[in-house]
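Enquirer: Take a look at the following structure, please.
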Amino acid sequence: MKVTLSVLDASETSFTPLVVIELAQDVKEETKEWLKNRIIAEKKDGGAQLFFRPLLNKYERETLENQNLYLVGASKVRLLLGAEAVGLVKECSDDTMRAFTYGARHDFKGFDDNNDDFLTMAECQFIIKHELENLRARDEKTIPGHHQTKLYPGKSLLRRLLTSGIVVQVFPLHDNEALKKLEDAWYTQFPLKYQPVDCIRGYFGETIALYFGFLEYFTFALIPMAVIGLPYYVFVWEDYDKYVIFASFNLIWSTVILEVWKRGCASMTYRWGTLVMKRKFEEPRPGFHGVLGINSITGKEEPIYPSYKRQLRIYLVSLPFVCLCLYFSLYVMMIYFDMEVWALGLHENSGSKWTGVLLYVPSIIYAIVIEIMNRLYRYAAEFLTSWENHRLESAYQNHLILKVLVFNFLNCFASLFYIAFVLRDMKLLRQSLATLLITSQILNQIMESLLPYWFQRKHHVQVKKKVQALKADIDATLYEQVVLEKEMVTYLGTFDDYLELFLQFGYVSLFSCVYPLAAAFAVLNNFTEVNSDALKMCRVFKRPFSEPSANIGVWQLAFETMSVISVVTNCALIGMSPQVNALFPESKLDLILIVVAVEHTLLALKFILAFAIPDKPRHIQMKLARLEFESLEALKQQGPRFPPAPPEAQSPLAPLPIPAPSQQPPAP
C-alpha cells in the first residue's frame, strides 16, 4: 500500500503509511510544527528520524473535515535499525533464534536488500510505536503553544501529549490486502479447522496470536470431556452416584491440559523469537504521577510517589470497596434463592407446564444480573487501580486482574457452591449451572461481537456516503480508510477474552460432574467464539499495536489456581455422593478424614505431575542452553584487543541522513 505524498502535500515523494496520529481540533500550528520537527529530526538531535505527513494537503484541510490526521512511516534502513533497538529475535541461517543486528543482517533467513518482507507490518508498526514513545523532552520546559503543559528532561513526549489531550489517539493502519488474505484463511471458510496462528501473529502480533492459540487448544482439550460427558448425561441423568467416575477424570484432565499447553506455548514462542527476547527496562506508565525526582535505579528524572501512600490507598480504600462489592454480590445471590423458592412453590401448587418453564426464569434473571454486575464492577476496578497510582503497567495489570478475578469468581460461582454444599440440592445445582453457563455465553456473543459489528457497519455506510459526496481531488481510498478506522472501537487487550475462558474453565472443572453437558456447550460456544472474535478483530476494532509475548502471563497462574480449587470441589462432591456415604453408615468423621486425605493425595499428585512434565520440550531446552553458552563465551571474548565494530554494525542510535521533505527520493 504505497501512498503518494502528492495526496498529502505539494512534494512528489512517497512512503508507506504505517501509523496514524490524530491531534485535537484546537491544537495550534506552533505545536504541530514542533511535533513534526521532533518526529523527523535525526536521532543525534533527539528526534525519531521517521517520515511524518498530514493526511490532507493545505487546501484540502481548509475545505474538509478531519484535518488533524497525520501519517507516520519509516525507511527500510530505519526500520531495521529499530528492530535492533527493540531487540527483535529472528531465525539465522544456522536455524538458531538470535537477536537481530543490522551489521549481521545477511546472516538471517529471509533477509535481502531488495526484499521488504523481512519484517512483518506488525513488527514495523511496533518499531514505530517504540520510537515515538522514546521521543524524550530535552531542553523544553513546556509544549510549544500549550504552555500550561509542563515537561521535564527525559519525559516521554508522546505520553505527555496523550495525557494532556493534545494527541487524541495513535493507532496502526490496517493493510487491506493482507487483511483480506488473513480473513480468507481464518474465519470466512468452514469453521472446524485449525487456526492460522502464524498468520495471526504476522498481522496482529504475538499477544493476540497466543490468545487465539490458547482458545483453539482449550476448545480441543474440552472435546474429551464433552465426549465422555454426553453418554453420562444421556444414560445417567438422575443417578448422581455414578458421577464419581466423571469427577475423577475431571481431576486428571484439568491438570494435564495446562501442563501440555505450557509446552506447546514454549514451542510457538521460540519459533516466533519472543521466548528468547530480552525484556527492556519498563518505563513508568502514562497515568503515573508524583513529585519530580531522581529514579535511584536509572538515574533519570521522573515522578516519584511514595509506596506507603499507595499501600494506604490499597488497604484503606480499595480493599474495603472490594469487600463491600463482594457482600453486595452475596446479597443479590440470596435474593435469587428467594426467587427460586417462590418459583418452586408456585409450580408445586399449580403443576402446569407454564410454571414448569417458570422454574428457569430466576436463573436466567440471575445470570443477566451477574453479567451486568461484572461489567459495572470492571469499570470501578479500573478506576480504583488507576487511582492507586502504580508506577509500572505490569503492576497496574496485576492489581486489576486480581480485583476482577476475585469478584467474578464469587459473583459467578458463589451460588453454585451454596447450592452444592449448603442446600445439597444436586438437581437445582444442575439447573443453575446449565442456565448460568448458556445464558452467559449467549450474552457474551451478543455484547462482544454482534452489537459492535452492527454499529460498525452503520458507521461504515455513513463514511462511504460522506466520501462519495466529496468534490475535492483527493485519494478517496486512503481518506476513507483512515477516517473509518479512527472511528472504530479501540481494542483494549485480551483481558476480557481470557476472563471469559477462565470462567468457562471454572464451570467445566468445578461442577461438570453434576452437569456433564457443560463441556459440550463450552465446545459449541468456542467454535463460534473463534469466528466472532476473529470478525471483531478484523472488522470491528482498530488494529492494535503488536506486543511481543512469551506466554499468556498471569492467566496461566489463574487457570492453575482454578484447577487446584477444582480438586477440592470435586473431592467434596464425591464425598457427598450417596454411593460413598453408604460405605460409612455409622461414622461421618471417618468419611470426612478419608475425603480430606484423598484430596491432599490428589493435590500432591497434581503438583508431582506439574513438576514431572517439563514446561519446555527437550529440543527447546537444548537450543536455549546453547544460546546461553554462546552468550557467555562472547562476553568472555570481549576486550580492548578487539578492533571496533564497522560503522554499519554500530548502535542503532547512530544518525541516519534524511533529506529535506522536498528532496526525499521515492520509496522503492
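Enquirer: Pick from segment 102-115 the residues that are among the charged types (D, E, K, R) and closer than 21 Å to K623 by Cβ: which of them is surrounded by the most Cβ atoms within 10 Å (Cβ to Cβ)? Give the steps one after another, and end with the answer.
Expert: So the first thing to find is which residues in segment 102-115 are among the charged types (D, E, K, R), and the list is 105, 107, 109, 112-113.
Now narrow it down to the ones that are closer than 21 Å to K623 by Cβ: 107, 109.
Numbers: D107: 14, K109: 11.
Only one residue fits best here, namely D107.
Enquirer: Still on this structure, I have one more. Just name the residue that is farthest from L433 (Cα to Cα) out of those in segment 531-559 that are surrounded by 20 or more Cβ atoms within 10 Å (Cβ to Cβ) and among the β-branched types (V, I, T).
Expert: Here the answer is V540.
Enquirer: I'm trying to understand the selection: among the residues of segment 347-367, which are aliphatic (A, V, I, L, M) and either outside any helix (DSSP H, G or I) or free of Cβ contacts under 8 Å to residues at least 24 places away in the same chain (or both)?
Expert: V357, L358, L359, V361
Enquirer: Can you find even one residue in segment 587-595 that is buried (at least 16 other Cβ atoms within 10 Å of the Cβ) and more than 35 Å from the chain's Cα centre (by Cα)? Talk me through it step by step, then tell me what you get.
Expert: Here is the first cut: in segment 587-595, the ones buried (at least 16 other Cβ atoms within 10 Å of the Cβ) are 591, 595.
Next, from what is left, pick out any that are more than 35 Å from the chain's Cα centre (by Cα): 591, 595.
Within segment 587-595, one or more residues are buried (at least 16 other Cβ atoms within 10 Å of the Cβ) and more than 35 Å from the chain's Cα centre (by Cα).
Enquirer: Right, another one. List the helices (runs of 4 or more DSSP H) that sit entirely inside segment 423-496 and contain at least 3 residues that are farther than 30 Å from S512 by Cβ and modelled with pLDDT of 65 or more. Spell out how you get there, then give the answer.
Expert: Details: elements: 426-445, 451-468, 476-486.
Filter on segment 423-496 gives 451-468, 476-486.
Enquirer: Going by what's in this entry, would F321 be described as more than 30 Å from L428 (Cα to Cα), at pLDDT 85 or above and not in a strand (DSSP E or B)? First the steps, then the outcome.
Expert: On the way: more than 30 Å from L428 (Cα to Cα): yes; at pLDDT 85 or above: yes; not in a strand (DSSP E or B): yes.
Yes: the conditions hold for F321.
Enquirer: A further question follows. If you go through segment 217-225 one residue at a time, do you hit one that is part of a helix (DSSP H, G or I), in contact with a Ser or Thr (Cβ under 6 Å, 6 or more places away or on another chain) and at pLDDT 90 or above?
Expert: No, because not a single residue in segment 217-225 is part of a helix (DSSP H, G or I), in contact with a Ser or Thr (Cβ under 6 Å, 6 or more places away or on another chain) and at pLDDT 90 or above.
Enquirer: Which one of A414, A381 is touching a Leu at 6+ places or on another chain (Cβ under 9 Å), of a type in the set (A, V, I, L, M, F, W, C), more than 30 Å from L573 (Cα to Cα) and in the same structural domain as I314 (by TED's automatic domain parsing)?
Expert: Going through A414, A381 in turn, just one is touching a Leu at 6+ places or on another chain (Cβ under 9 Å), of a type in the set (A, V, I, L, M, F, W, C), more than 30 Å from L573 (Cα to Cα) and in the same structural domain as I314 (by TED's automatic domain parsing): A381.
Conditions tested, residue by residue: (1) surrounded by fewer than 19 Cβ atoms within 10 Å (Cβ to Cβ); (2) outside the structural domain of L35 (by TED's automatic domain parsing); (3) part of a loop (DSSP other than H, G, I, E, B); (4) not β-branched (V, I, T).
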site: D117; (1), (2), (3), (4): yes, no, yes, yes
site: F126; (1), (2), (3), (4): no, no, no, yes
site: T149; (1), (2), (3), (4): yes, no, no, no
site: I200; (1), (2), (3), (4): no, yes, no, no
site: L210; (1), (2), (3), (4): no, yes, no, yes
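Per-residue answers, yes or no, for (1) hydrophobic (A, V, I, L, M, F, W, C); (2) in a helix (DSSP H, G or I):
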| position | (1), (2) |
| --- | --- |
| I594 | yes, yes |
| A597 | yes, yes |
| L602 | yes, yes |
| K616 | no, no |
| I620 | yes, yes |
| L627 | yes, yes |
| E630 | no, yes |
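Enquirer: Within segment 368-387, identify whether any single residue is on the phi > 0 side of the Ramachandran plot and touching a residue at least 40 places away in the same chain (Cβ under 8 Å), and answer yes or no. Steps first, answer last, please.
Expert: Going through segment 368-387, the residues on the phi > 0 side of the Ramachandran plot turn out to be none.
Checked against the condition, which is being on the phi > 0 side of the Ramachandran plot and touching a residue at least 40 places away in the same chain (Cβ under 8 Å), segment 368-387 yields no hits at all.
Enquirer: For R310, which of the numbered conditions (1) surrounded by 15 or more Cβ atoms within 10 Å (Cβ to Cβ); (2) at pLDDT below 90 fails to hold?
Expert: Unmet condition: (2).
Enquirer: Going by the conditions given, is N66 in the same structural domain as G154 (by TED's automatic domain parsing), surrounded by fewer than 18 Cβ atoms within 10 Å (Cβ to Cβ) and modelled with pLDDT of 90 or more? Step through it out loud before you land on a result.
Expert: Working: in the same structural domain as G154 (by TED's automatic domain parsing): yes; surrounded by fewer than 18 Cβ atoms within 10 Å (Cβ to Cβ): yes; modelled with pLDDT of 90 or more: no.
When the stated conditions are applied, N66 does not pass them.
Enquirer: Inspect segment 92-101 for any residue being under 29 Å from S631 (Cβ atoms), acidic (D, E) and surrounded by fewer than 16 Cβ atoms within 10 Å (Cβ to Cβ) and give the result as yes or no. Even if it seems obvious, please write down each step before you answer.
Expert: Pass one, segment 92-101, residues under 29 Å from S631 (Cβ atoms): 92-101.
Filter again for acidic (D, E), leaving 94-95.
Imposing the further condition that a residue be surrounded by fewer than 16 Cβ atoms within 10 Å (Cβ to Cβ) reduces the set to 94-95.
Yes: segment 92-101 contains one or more residues that are under 29 Å from S631 (Cβ atoms), acidic (D, E) and surrounded by fewer than 16 Cβ atoms within 10 Å (Cβ to Cβ).
Enquirer: Test each condition in (1) under 17 Å from V322 (Cα atoms); (2) among the β-branched types (V, I, T); (3) out of contact with any Lys or Arg (no Cβ under 7 Å at 6 or more places or on another chain); (4) surrounded by 15 or more Cβ atoms within 10 Å (Cβ to Cβ) for T355 and report the one that comes out false.
Expert: If we test T355 against (1) under 17 Å from V322 (Cα atoms); (2) among the β-branched types (V, I, T); (3) out of contact with any Lys or Arg (no Cβ under 7 Å at 6 or more places or on another chain); (4) surrounded by 15 or more Cβ atoms within 10 Å (Cβ to Cβ), just (1) comes out false.
Enquirer: Is it true that V322 is closer than 30 Å to E599 by Cβ, under 28 Å from the mean Cα position of the chain (by Cα) and exposed (fewer than 15 other Cβ atoms within 10 Å of the Cβ)?
Expert: Details: closer than 30 Å to E599 by Cβ: yes; under 28 Å from the mean Cα position of the chain (by Cα): yes; exposed (fewer than 15 other Cβ atoms within 10 Å of the Cβ): no.
No.
Enquirer: Among the listed residues F642, F611, identify the single one that is modelled with pLDDT of 50 or more and of a type in the set (F, W, Y).
Expert: Values: F642 fails: modelled with pLDDT of 50 or more.
One residue alone meets the criteria, F611.
Enquirer: I'm trying to understand the selection: among the residues of segment 22-31, which are in contact (Cβ under 8 Å) with a residue 12 or more places away in the chain and closer than 15 Å to S164 by Cα? Full working, then the answer.
Expert: Taking segment 22-31 as the starting set, the residues that turn out to be in contact (Cβ under 8 Å) with a residue 12 or more places away in the chain are 22-25, 27-31.
The answer is E22, L23, A24, Q25, V27, K28, T31.
Enquirer: Quick one: R53 ticks every box in (1) in contact with a Ser or Thr (Cβ under 9 Å, 6 or more places away or on another chain); (2) within 29 Å of M268 (Cα to Cα); (3) part of a strand (DSSP E or B) except a single one, so which number is it?
Expert: Failed condition: (2).
The values are calculated or read from the model by the stated rules, or taken from the named source; none is laboratory data. All of these numbers come straight from a predicted model, not from anything done at the bench. Heads up, the Cβs are rebuilt from the backbone with ideal geometry, glycines too, and the neighbour counts pull from every protein chain shown.
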